[in-house]
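Down below is the structure, laid out as structure tokens.
The values are calculated or read from the model by the stated rules, or taken from the named source; none is laboratory data. Owing to the predicted nature of the structure, the values given are computational and were not obtained by experimental measurement. Neighbour counts are summed over all protein chains in view; Cβ atoms, including those assigned to glycine, are modelled from backbone coordinates with ideal geometry. In case anyone asks, the SASA skips ligands and DNA or RNA and just uses the protein heavy atoms, side chains included. Shrake-Rupley method; radii C 1.70, N 1.55, O 1.52, S 1.80 Å.
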Protein chains: 2
Amino acid sequence: MKNLSRRDALKLSGAVAAALLPAAIPAQPTSTAQHASVRVWEIFELTLQGPREDAVINPWKVRWSVVLSQGNRRVSVDGFYDGDGKYKARFMPDAKGPWTYTTESDAPQLRGHAGRFDATDAKPGAHGPVVVHNTQHFSYADGTPYFPFGTTSYAWIHQPEALQQQTLATLKAAPFNKIRMCVFPKHYEYNHNEPEFYPFARSGTTNDYTRFDPRFFAHLERRILDLQAMGIEADLILFHPYDRWGYQSMSAETDAFYLRYLVARLGAYRNVWWSLANEWDLMKSKTLADFDRLFHVLESADAHGHLRSIHYSVTMYDYARPWVTHASLQTDEFEKAPGRLAAWKKPMVFDECKYEGNLNKRWGNISAAEMLRRFWLGVINGCYVTHGETYLPETDAAFNEDTTPTLWWAHGGTLHGESSAGIAQLRRLVEESAPRPSSRMGFDAPVNPYYLNAIAYAPDGKTAETILYYLDSHQPVWYEFPLPDASYTAELIDPAANTITMVPGNFRGKTAKLRLKVKPFQAVRFRLADTATG
Amino acid sequence: MKNLSRRDALKLSGAVAAALLPAAIPAQPTSTAQHASVRVWEIFELTLQGPREDAVINPWKVRWSVVLSQGNRRVSVDGFYDGDGKYKARFMPDAKGPWTYTTESDAPQLRGHAGRFDATDAKPGAHGPVVVHNTQHFSYADGTPYFPFGTTSYAWIHQPEALQQQTLATLKAAPFNKIRMCVFPKHYEYNHNEPEFYPFARSGTTNDYTRFDPRFFAHLERRILDLQAMGIEADLILFHPYDRWGYQSMSAETDAFYLRYLVARLGAYRNVWWSLANEWDLMKSKTLADFDRLFHVLESADAHGHLRSIHYSVTMYDYARPWVTHASLQTDEFEKAPGRLAAWKKPMVFDECKYEGNLNKRWGNISAAEMLRRFWLGVINGCYVTHGETYLPETDAAFNEDTTPTLWWAHGGTLHGESSAGIAQLRRLVEESAPRPSSRMGFDAPVNPYYLNAIAYAPDGKTAETILYYLDSHQPVWYEFPLPDASYTAELIDPAANTITMVPGNFRGKTAKLRLKVKPFQAVRFRLADTATG
């Protein structure tokens, strides 16, 4: 998939769909509708009335699809049943101009519908789904740089509504533009509650794996749109092992039924990523081959070509496999990043490098300073890092384990940690390293590693426009920083104090000799002198 | 050498010397002297008048030796010329009781002298040279535990006398019981001065590699005794690449000439370790085979069997070689220690894991907190760590490089850093883990790794008497620490604050649940309840 753009991928889906077209196109549409225009990257949704459940028909298993056309381009999206006789299909246009569609189905009521709509300019601030950019980085589909600064709240949508609203308010003020979250409810330490909604129809404690509960998905969609409104990508975890309801050990057929339904409903939401599993290697009822197969189901179903990865506990999935778009790591081995980047040729996100907090678990109690340091080490090594937070109250009740604490990592709520400000500063620094939006084609990959412990952003691939040095535990009172042969400004960055101090003068030559504060975890930014303003 | 004790090694030297004995023993001694008694681990020194330099004889090249006997045991030590017609030989008795000796030489004046002396109880506090104990640890030769907590001051003995005295005063108040120091003067960044003494006779800038300057060695010996009086081991670096005088590129013959002379003079000083080279791989005029050969010269010459190692810059020497007694590492890869301990089956000392300071060099500017953290990580992984300090003044003059700063790592002087108190605390904790001196045979090796991130000291090899946990960057508000099935007291240790707080009550069972401060870099000590007092 390396050389296949998103648009190519959509074409390919269209080509596959073309096999159905000889039947669909000559047929006289039973109806032709003119929809209002739809903005690029928003959702075109088609709703039809179709067969209701009876002794013969299970509408959740009725297959139907919509073939969308623009010129000679064809894209096929699967529709889905939403209950109450309503059949829906969703498509996210990625190009302006007129689109036509026809429908295809084994069910006569859903077959041969046709219509058209115009795709208009994207909303200001809407840049499309996130895609791989320049091998090891990301951008939005329109080319706008996207640098993931994620957080983790696995079960936030399965908490009481008031807590979900508090989570959304917290995210609004936080520096995160991606969140790892489970589709299924979660049963794990510190989180044993029942969710309000279940994905499958449920009677008592028995799941009916032949029917979905549309309320579950409507709720999930609301939360995805809530995140979208804040510019946050939903890194959706599709399977996980923390389960007492049965979702971790469904049949292969049910797994695929669930995946196709999920993709049909959510694929048109631009801020969706697919994380096939969390800690796949802890799911004892599935094998590695099962996940390979499920990746193929996912890739085949997804006309919109969202990012796809999988997260492990101990046994790393082979991220070199062509159906994986990026690595989703559980490790703090940042020093191995350059070698892995070279081997995989894909973006790497350290999705779990332990969480800021004070939890009684090794993975949940690193300090804010260490969390921030790990963000810097990830970025400096050409990768991206994801935050998580697990703070217990410092009370006797918490020590005696007779409270049910609200932990951001599981429940959402509020943030108690102190790493956010520094993460926000780093995100600004990285985003400022990208050119101004007007020159989106000028955006190019960080050249990494440019120097030891430094990352350089070089839009023209030659002269670094921005160079970030991170000093980690080093604290020289002065240091000669290597520079390319150009004129640079220098700024001293104190991530812990969230300050940036300009050094007077420009620096030209092989090195810039700077006087520094004698304290660890500082950074220095050099910017080409003529681009440092504006 | 694994199963060869120091005493065995002395016997072996004696056996080698025995080849000379048939000539020596039957000969009628030309003189028999009764010396005053000598304490065990002190120096028996025999001085004879011998041939002075003339057209034929170079007294520096006259070989002579003293064969010492106790019962059937024989030990041969080489003598050395000290100038002015004086020939000396030195021996450190390691067993009480009567010793006899005879001398052997090609020079008639030095041949056939005999005498006797009594070795008496060691001085209080004198425990003999440091030897390998229980594979991966050290003790003094009398079995008293020795845990190296070293520092580094490469060229302190080549500074003005007042500065040397200041260094000694600093060491007296510091927590260090080993110092890495060069025999030869050092030419390196921040240290370009001329020494007061040169090891070889010198005319202008020309060395006479056939003659030593005894003033150089007498000075070195004074400094070794100064260290000995403070209980500090002199980890003597015998070759190094930082040189403008020619000592790094002498002939193979001169190298051996120098080594044998040095060993003859210093071997009887109990606090001497041999570090064959510093950064051997940076000595461009020597090969790996040269160092192998020099190890053999050293091992062959040294009747007292002092510890032998070698230090590298990038290319690690193979510490599995049988003539190396311990590893002298330049790395901060503490996580690799357990594997290397298992492979080498020798003690490991992290002799350079970077220095506390603010220097404009990557190896010389870690924070005090990081230096202390590295000591803890070394100890917790069953190894030992060496300190160094490189603080530049925070002045314009230092920034402009128009001052000659005094850096502990090169010159000695005073310590400006803040890691010493924490290092002292860790040394106390480790030393307290050894049994009281009265039960010296009860001292046994730390069992490591006992638990992840913990080191346990188990004198009987079964029940851990002391368990040290180090939490590194983890900061749980409470934690359940695994324990053996016995009753333990618990203490919370804050290395940065240099505090130890007893937790009320005893802990018995599989775990001890402790409430902790939410801050990184803390430790916990558990001690068997019945040994925790006294």
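Using alpha carbons only, how many angstrom separate the centre of the stretch A:338-359 from the centre of the stretch A:147-175? Comparing the Cα centres of the stretch A:338-359 and the stretch A:147-175, I get a distance of 22 Å.
Using the 1.4 Å probe convention, the accessible area of the protein assembly as shown works out to 38 Å² per residue with neighbouring protein chains retained.
Near residue B:402: Cβ cut-off under 14 Å, other residues only, Lys/Arg at +1 and Asp/Glu at -1. The net charge is -1. The residue of chain A whose Cβ sits closest to the rotation axis that maps A onto B, together with that distance in whole Å, is A:369, 5.
How big is the B/A interface in buried accessible area, both sides summed, 1.4 Å probe, to the nearest 100 Å²?
Rounded to the nearest hundred, the buried surface is 3100 Å².
Helical runs (DSSP H, four residues minimum) scored at -39500 (n - 2.57) apiece and divided by the length of chain B put the mean residue ellipticity at 222 nm at -6500 deg cm²/dmol.
Using unit Cβ charges (K, R positive; D, E negative) and no other charged atoms, how large, in debye to the nearest 20, is the dipole of chain B about its Cα centre?
Numbers: 57 positive and 58 negative charges, 292 e Å.
The calculation lands at about 1400 debye.
First select every other residue whose beta carbon is under 12 angstrom from the beta carbon of residue B:425; then total the charges, Lys and Arg +1, Asp and Glu -1.
Working: positive: B:427, B:428, B:525; negative: B:431, B:432, B:491, B:494.
Once positives and negatives cancel, what remains is -1.
Solvent-accessible surface (1.4 Å probe) assigned to residue B:469 amounts to roughly 10 Å².
Give me Rg/Rg_expected for the stretch B:277-320, where Rg uses Cα atoms only and Rg_expected = 2.2 N^0.38 Å with N residues. List each step's numbers first, then the result.
Numbers: Rg = 10.9 Å, N = 44, 2.2 N^0.38 = 9.3 Å.
The stretch B:277-320 yields a ratio of 1.18.
Annotation for residue A:487, label-to-label distances across the other copies: 7.8 nm (shortest first, one decimal, point 7 Å from Cα along Cα→Cβ).
Structural size metrics of the stretch A:118-178, computed from C-alpha coordinates, are Rg and Dmax of 15.1, 41 Å. Here residue A:107 yields copy-to-copy label distances, from shortest upward, of 11.2 nm, the label point defined as 7 Å from Cα along Cα to C-beta.
Just checking the output field for B:356-368: average partner chain Cβ neighbours within 10 Å of each residue's Cβ?
Mean shielding by partner chains, rounded to a whole number: 5.
So for chain B: antiparallel DSSP bridges make up what percent, rounded to the nearest 5? Around 65 percent of the beta bridges assigned by DSSP in chain B are antiparallel ones.
Tell me, in nm to one decimal, what length is gained between residue B:424 and residue B:530 on full extension, where the rule is 0.36 nm per residue of separation less the Cα-Cα distance? Before the final figure, lay out the partial values.
Values: separation 106, 0.36 × 106 = 38.16 nm, distance 2.55 nm.
That pair, residue B:424 and residue B:530, stretches by 35.6 nm at full extension.
Counting only DSSP beta bridges with both residues in the protein assembly as shown, the antiparallel share comes to about 70 percent. With a 10 Å cut-off around each Cβ of A:216-227, the average count of Cβ atoms from other chains is 0. Considering chain A at the alpha-carbon level, its Rg and Dmax are found to be 24.6, 81 Å. The share of C-alpha pairs in the stretch A:167-207 whose separation exceeds 16 Å stands at 56 percent.
Taking packing as the residue-averaged number of other Cβ atoms within 10 angstrom, the listed peptides A:326-337, B:396-407 run from highest to lowest as A:326-337, B:396-407.
List, in the order given, every pair from A:186/A:284; B:88/B:284; A:286/B:510; A:336/B:354; B:178/B:361; A:61/A:172 whose Cα-Cα distance in the structure shown is over 28 Å.
Details: A:186/A:284 16 Å; B:88/B:284 35 Å; A:286/B:510 33 Å; A:336/B:354 21 Å; B:178/B:361 24 Å; A:61/A:172 38 Å.
Too far apart for the 28 Å limit: B:88/B:284; A:286/B:510; A:61/A:172.
For the segment B:109-120, counting C-beta atoms of other chains within 10 Å of every residue's C-beta and taking the mean gives 0. If the cut-off is 14 Å between C-alpha atoms, which aspartates and glutamates fall inside it for residue A:345, apart from same-chain ones fewer than 8 positions away? Answer for residue A:345, where 14 Å is the Cα cut-off: A:318, listed by chain and number.
When the chain is fully extended, how far beyond the present Cα-Cα distance does residue B:318 get from residue B:519, taking 0.36 nm per residue of separation?
Values: separation 201, 0.36 × 201 = 72.36 nm, distance 3.95 nm.
Between residue B:318 and residue B:519, full extension yields 68.4 nm more.
What's the whole-number percent of alpha carbon pairs in the stretch B:87-227 lying beyond 23 angstrom?
Values: 5625 of 9870 pairs.
Of all Cα-Cα pairs in the stretch B:87-227, 57 percent lie more than 23 Å apart.
The share of accessible area on chain B that comes from carbon and sulfur is 53 percent, using a 1.4 angstrom probe.
Viscosity 0.890 mPa s, temperature 25 °C: give me the Stokes-Einstein translational D for the stretch B:150-414 in µm²/s, with Rh taken as the Kirkwood radius over C-alpha pairs. Roughly 130 µm²/s, to the nearest whole number. Once the Cα atoms are used to define both axes, helix B:252-266 deviates from the longest principal axis of chain B by about 80 degrees. Distances between copies of residue A:123, taken at a point 7 Å out from Cα along the Cα→Cβ vector and listed shortest first: 8.4 nm.
For chain A, the longest principal axis of the C-alpha atoms and the axis of helix A:161-173 are separated by about 40°.
Relative to the dominant Cα principal axis of chain B, helix B:6-18 is inclined by about 20°.
Across q = 0.07, 0.08 Å⁻¹, the protein assembly as shown modelled as identical point scatterers on its alpha-carbon atoms has Debye log10 I(q)/I(0) values of -0.76, -0.91, in the order of the q list.
The residues of the stretch B:470-488 occluded by other protein chains by 20 Å² or more of accessible area, set against the chain on its own, are B:473, B:474, B:475, B:476, B:477, B:478, B:479; surface from heavy atoms, 1.4 Å probe.
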